[in-house]
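Shown next, in structure tokens, is the structure this report addresses.
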Amino acid sequence: MSFVKQSNANATATIIKGLQKRNMEGYYFETAAEAVQAALEMMPEGSVIAHGGSATLTDSGMLDAIKAGNYTLIDRASQNTRENYAKAILSDYYFMSTNAITLKGELVNIDGNANRVGCLCHGPSHVMMLVGMNKLATDVESAVKRARTYACPANAHR
């Protein structure tokens, strides 16, 4: 195993322990393709799926895999309406990423419409997050800085 892969695996083991303390499950995959496959295997066919805006979901291939599968997708890209936000709250699965995650498993999100944060906190039966190692921050202060200086400007541009 390369130094980078070992470092990522070690950091993720620490993050997963922090997530468990917050009643969340975490998994580590070396590739986006492995993460996508695992997520698909967790969802029964016919599930209703919604998602927040996320470059990670697009870049990983997760959204394409959902669209190609036997699922009902509430696609916010086609209609970003209040009705779709309400449907998302009642979905079986909600997919999102996060602006940043700390080594302690703390999530930091700044959300323009509160749809991601709302669904994360209360709503769908299951929330799945795909989070790349690029989202890692050592602590909440650096996570907020990452969100404000990197994630938010990129999201506003999109």
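The values are calculated or read from the model by the stated rules, or taken from the named source; none is laboratory data. Just so it is clear, the model here is predicted, and its values are computed rather than measured. Note that each Cβ is placed from the backbone with ideal geometry, even for glycine, and that neighbours are counted across all protein chains shown. The accessibility values were calculated without ligands, DNA or RNA, using every heavy atom of the protein model including side chains. Shrake-Rupley method; radii C 1.70, N 1.55, O 1.52, S 1.80 Å.
Scanning for something part of a helix (DSSP H, G or I), polar (S, T, N, Q) and open to solvent by 30 Å² or more (accessible area, probe 1.4 Å), does the stretch 122-137 turn up at least one residue? The answer is yes; a qualifying residue exists. Only a single criterion out of (1) loosely packed, with under 13 Cβ neighbours inside 10 Å; (2) touching a residue at least 12 places away in the same chain (Cβ under 8 Å); (3) farther than 23 Å from LEU107 by Cα; (4) touching a strand residue (DSSP E or B) at 6+ places or on another chain (Cβ under 9 Å) is not satisfied by LYS67, namely (2). Only one of the listed residues (LYS104, LYS87, LYS5) is touching a residue at least 60 places away in the same chain (Cβ under 8 Å), open to solvent by 30 Å² or more (accessible area, probe 1.4 Å) and of a type in the set (D, E, K, R). That residue is LYS104.
Taking VAL4 as the residue in question, decide whether it is over 18 Å from the mean Cα position of the chain (by Cα) and assigned to a helix (DSSP H, G or I). When the stated conditions are applied, VAL4 passes them. Can you confirm whether LEU40 is in a helix (DSSP H, G or I) and within 13 Å of GLY69 (Cα to Cα)? Criteria met by LEU40. The set of residues from the stretch 39-62 being hydrophobic (A, V, I, L, M, F, W, C), open to solvent by 20 Å² or more (accessible area, probe 1.4 Å) and more than 16 Å from THR98 (Cβ to Cβ) comprises LEU40, MET42, VAL48.
In this structure, ALA100 does satisfy being at negative phi, of a type in the set (Gly, Ala, Ser) and at pLDDT 85 or above.
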